[in-house]
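What follows is a set of notes on a single structure, which appears directly below.
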Amino acid sequence: MLQRETEISAHIVAFSRYLRVKGFMVSPMRESDALLALTHIEPTKQNFYLALRCVFPQNFKNLKDFDAIFDNYWKELEKGVDAKIAMAEEESAKKKKKPVEKKQSAPAFESLKNWLYGNKEKEEELAAYSDNVSLEKKDFSAFTDEDLAEAEKLIKLIARRLAQKPSRRFEPTRRGGVLDLRRTLQKNFRNGEEILFLHHKKAKPTRVKLFLICDVSKSMEIYSRFFVQFMYAFKKVYHRIETYVFSTSLQRISEELNESDFRTALQKVSDTVPHWAGGTDIGQSLQNFAENDCQRLLDRKSIVLIISDGLDMGEPELVEDSLKAIKKRANKIVWLNPLAGHAGYKPEARSMKAALPLLDVFASGHNFETLKEVILKLKV
Amino acid sequence: MNLDTIKSLLQSQGYITDDYVSMSVFLAMTLNKALLIEGPAGVGKTEIAKVMAKALDTNLIRLQCYEGLDSNHAIYEWNYQQQLLFLKMSENQELSNTNLLESQLFSDKFLLKRPLLQAISQEKAPVLLIDEMDRADEEFESFLLEILSDWQITIPEIGTIQAKSIPHVIITGNRNRELSEALRRRCLYLWIDYPEFDKELEIVKQKVPQIDAQLALQITKFMQHLRHEKLNKVPGIAETLDWATALAAMHFDHLDKEIIESTLGVILKDWQDIRNTQLSLSELMEKVGVTSRL
């Protein structure tokens with residue numbers, strides 16, 4: 001009897017591991033819950049299945065996936081195949097699959113690259129004619145170092161004015177607001193029975209949390225330096241901010257940007273990012289974000305700002321799915337596309353097209369004026 | 001207590017259920033975990049809590065969530081008016097001892113217990129229903145986590161209050177907003193979908209016993225098909241039951257086009273849905289197999 005029990009617990013542990021591979025969040029607590037649950041039910045096949053189905057899934061997606069995973073796992077087991085082998089096979093199958101896919105997309109990548117380089121020349125041309133004396137109207141691609149210092153000052157102004165909406169929570173205040181009876185009573189009764197001082201409270205402002213995700217691939221090269229600088233300056237004056245860059249994969253650079261000198265920070269960032277000025281995979285990068293940080297950090301006060309030209313070689317479906325996932329958690333998704341500032345721009349790129357219906361704001365942000373306009377309007 | 005007891009308890013309260021639902025309720029109770037129920041509107045998520053309370057013969061304490069719900073409304077608040085009166089009255093009695101005054105001022109007498117505090121101060125474990133959790137904001141969610149794991153509430157003026165009994169917690173949500181992983185980790189998850197034909201028919205027959213058998217069959221079939229149409233707001237069981245009750249009260253024994261058209265407002269609550277359904281009604285009725293009498 002005892003041996004049978006250890007057997008089942010070993011299976012549950014192995015099954016939990018398998019579920020983790022499949023994207024379930026299974027804590028040790030869950031595993032022990034599952035084992036505990038099994039001690040309370042009649043040991044039939046149906047009950048066993050139902051109990052595990054009740055314990056392991058934590059959201060709708062898990063639940064949908066569960067049946068197939070369950071069948072897969074226990075059928076394999078019934079066949080007498082060791083669970084670990086099954087898992088290993090699955091893993092290796094995954095690994096085998098990936099390179100094949102990449103090879104298939106290689107020609108497409110080449111043609112895209114050609115197109116991108118061709119496009120870049122055109123962009124520089126475009127950038128040149130918007131070379132205005134006024135800093136605000138100047139296209140970022142034509143920014144000099146002095147301009148950048150000036151820009152930093154403007155960013156400070158913007159950050160301070162970032163829209164704040166009153167929340168429904170309160171904080172103490174000295175001026176104005178409504179009477180805070182609780183504090184008034186607490187503070188006053190020590191002076192005897194007489195109420196001598198009144199305390200007030202006012203609505204706490206909701207502070208926007210910003211998530212800046214910037215494309216630093218080849219096609220964005222002329223803009224990305226500025227945007228990284230923009231992130232850097234923004235981070236200095238505004239604390240509720242997380243910064244990321246991506247090309248083929250996403251990289252969080254909040255730590256790197258903490259350097260006191262921008263040049264060191266920029267160096268650090270470009271060192272940590274594997275494909276600086278490389279290819280682009282927006283879908284993959286956004287999925288990284290949606291699957292990891294999105295779950296932990298995003299809330300209804302968050303605004304996700306994506307800065308990208310929307311030109312990539314990835315799958316537009318992935319862009320759509322990830323944006324949907326982000327939208328569920330965030331308050332708003334804003335996409336800044338520097339190309340959109342040029343006359344006659346149409347969102348023809350596949351990823352851009354897929355993303356458009358899911359965006360709350362789509363703007364160009366290719367010069368300071370448009371950027372300022374967008375940021376100041378950010379409200380939760 | 002075992003699985004079958006739970007099942008028959010739920011059934012005895014008129015809740016038609018399946019193995020999956022009763023297993024979830026059973027495990028949530030035996031493992032002492034909160035049960036997070038998600039699903040479309042009107043499929044009986046809230047009902048589970050009500051039925052559980054009845055079946056266990058205990059109190060149902062309900063906390064309806066909304067945006068901006070704060071601890072004053074969820075846990076406790078001091079009754080300031082009475083506190084002020086008390087202070088005024090004590091003036092005459094010359095109470096010089098401030099400590100004594102404090103302990104009286106912040107005593108149970110002036111404490112307004114809101115749902116969460118109520119729930120942990122019951123002798124017999126109540127059912128605590130936290131309804132539409134996704135409407136409350138994140139702050140409240142993290143706050144709730146603390147209570148769900150420690151079962152204690154700290155009131156600065158009094159101290160920490162330990163739960164007398166651990167409530168059976170039911171949390172419902174419509175997926176308006178994704179709930180946090182941290183909350184999910186502490187809960188068992190149950191998804192309730194629109195019922196299958198057989199289950200829905202059984203529910204109609206049980207909840208509207210005076211209904212004609214033929215009519216019940218037609219109504220259920222119609223609703224099942226209607227849910228496959230492209231609608232802005234898909235009707236749940238609540239709507240089916242409303243409709244069945246309404247038609248039974250008017251002593252109809254079958255459906256026809258005229259009846260459906262004039263009572264569509266009972267099941268569809270969206271202008272555009274009503275409009276579209278009216279246009280495709282003949283087609284829909286053909287699918288259901290209802291022939292209109294001319």
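Residue A:277 satisfies every condition listed in (1) over 16 Å from residue A:330 (Cα atoms); (2) in contact with a helix residue (DSSP H, G or I) (Cβ under 7 Å, 6 or more places away or on another chain); (3) buried (at least 16 other Cβ atoms within 10 Å of the Cβ) except (3). Kindly evaluate residue A:326 against the criterion of being in contact with a Cys (Cβ under 7 Å, 6 or more places away or on another chain) and either among the hydrophobic types (A, V, I, L, M, F, W, C) or in the same structural domain as residue A:235 (by TED's automatic domain parsing) (or both). Yes; evaluated as a whole, the condition is true for this residue. In summary, strands (runs of 3 or more DSSP E) completely within the stretch A:166-269 and bearing 1 or more residues that are closer than 19 Å to residue A:371 by Cβ occur at A:209-215, A:241-246.
Picking from residues in the stretch A:319-343 that are closer than 15 Å to residue A:246 by Cα and assigned to a helix (DSSP H, G or I), the one that is farthest from the other protein chains (Cβ to nearest Cβ) is A:319.
Filter the stretch B:197-217 down to residues that are in contact (Cβ under 8 Å) with a residue 24 or more places away in the chain and out of contact with any helix residue (DSSP H, G or I) (no Cβ under 8 Å at 6 or more places or on another chain) and give me whichever is farthest from residue B:247 (Cα to Cα). It comes out as B:199.
Per-residue answers, yes or no, for (1) open to solvent by 30 Å² or more (accessible area, probe 1.4 Å); (2) under 18 Å from residue B:189 (Cα atoms); (3) part of a helix (DSSP H, G or I); (4) touching a Leu at 6+ places or on another chain (Cβ under 7 Å):
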{"position": "A:19", "(1), (2), (3), (4)": "no, yes, yes, no"}
{"position": "A:24", "(1), (2), (3), (4)": "no, yes, no, no"}
{"position": "A:38", "(1), (2), (3), (4)": "yes, yes, yes, no"}
{"position": "A:49", "(1), (2), (3), (4)": "yes, yes, yes, no"}
{"position": "A:54", "(1), (2), (3), (4)": "no, yes, yes, yes"}
{"position": "A:57", "(1), (2), (3), (4)": "no, yes, no, yes"}
{"position": "A:66", "(1), (2), (3), (4)": "no, yes, yes, no"}
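Would the stretch B:224-239 turn up any residue that is more than 21 Å from the chain's Cα centre (by Cα) and of a type in the set (Val, Ile, Thr)? No, there is no match, as no residue in the stretch B:224-239 is more than 21 Å from the chain's Cα centre (by Cα) and of a type in the set (Val, Ile, Thr).
Only residues that are assigned to a loop (DSSP other than H, G, I, E, B) and of a type in the set (Asp, Glu) were counted in the stretch B:4-45, giving 1.
Between residues in the stretch B:171-194 that are more than 8 Å from chain A (Cβ to nearest Cβ) and residues that are polar (S, T, N, Q), which pairs lie under 7 Å by C-beta distance while being six or more apart or on different chains? Between residues of the stretch B:171-194 that are more than 8 Å from chain A (Cβ to nearest Cβ) and residues that are polar (S, T, N, Q), the close pairs are B:172/B:46; B:186/B:149. Within the stretch A:301-316, the presence of at least one residue that is open to solvent by 20 Å² or more (accessible area, probe 1.4 Å) and within 14 Å of chain B (Cβ to nearest Cβ) is confirmed. Within the stretch A:356-380, can you find the residues that are without any contact (Cβ under 8 Å) to a residue 60 or more places away in the chain and of a type in the set (A, V, I, L, M)? Within the stretch A:356-380, A:356, A:358, A:359, A:361, A:363, A:374 qualify.
Kindly list the number of the only condition in (1) outside the structural domain of residue B:156 (by TED's automatic domain parsing); (2) exposed (fewer than 12 other Cβ atoms within 10 Å of the Cβ) that fails for residue B:83. Condition (2) is where residue B:83 drops out.
Pick from the stretch B:148-169 the residues that are away from chain A (no Cβ under 14 Å) and touching a residue at least 60 places away in the same chain (Cβ under 8 Å): which of them is most open to solvent (accessible area, probe 1.4 Å)? Result: B:166. Residue A:66 satisfies every condition listed in (1) within 9 Å of another protein chain (Cβ to nearest Cβ); (2) hydrophobic (A, V, I, L, M, F, W, C); (3) in contact with a Lys or Arg (Cβ under 9 Å, 6 or more places away or on another chain) except (1).
For the stretch B:44-53, residues that are within 14 Å of chain A (Cβ to nearest Cβ) and open to solvent by less than 10 Å² (accessible area, probe 1.4 Å) total 1. The numbered conditions (1) more than 10 Å from chain A (Cβ to nearest Cβ); (2) over 20 Å from residue A:182 (Cβ atoms) are all true for residue B:82 except (2).
Within 10 Å of chain A (Cβ to nearest Cβ), open to solvent by 50 Å² or more (accessible area, probe 1.4 Å) and without any contact (Cβ under 8 Å) to a residue 40 or more places away in the chain: is that true of residue B:88 in this structure? Answer is yes for this residue.
The values are calculated or read from the model by the stated rules, or taken from the named source; none is laboratory data. Because the structure is a prediction, the values reported are computed rather than measured. We place every Cβ from the backbone using ideal geometry, glycine too, and count neighbours over all the protein chains shown. Heavy atoms of the whole protein, side chains included, go into the accessibility calculation; ligands, DNA and RNA do not. Shrake-Rupley method; radii C 1.70, N 1.55, O 1.52, S 1.80 Å.
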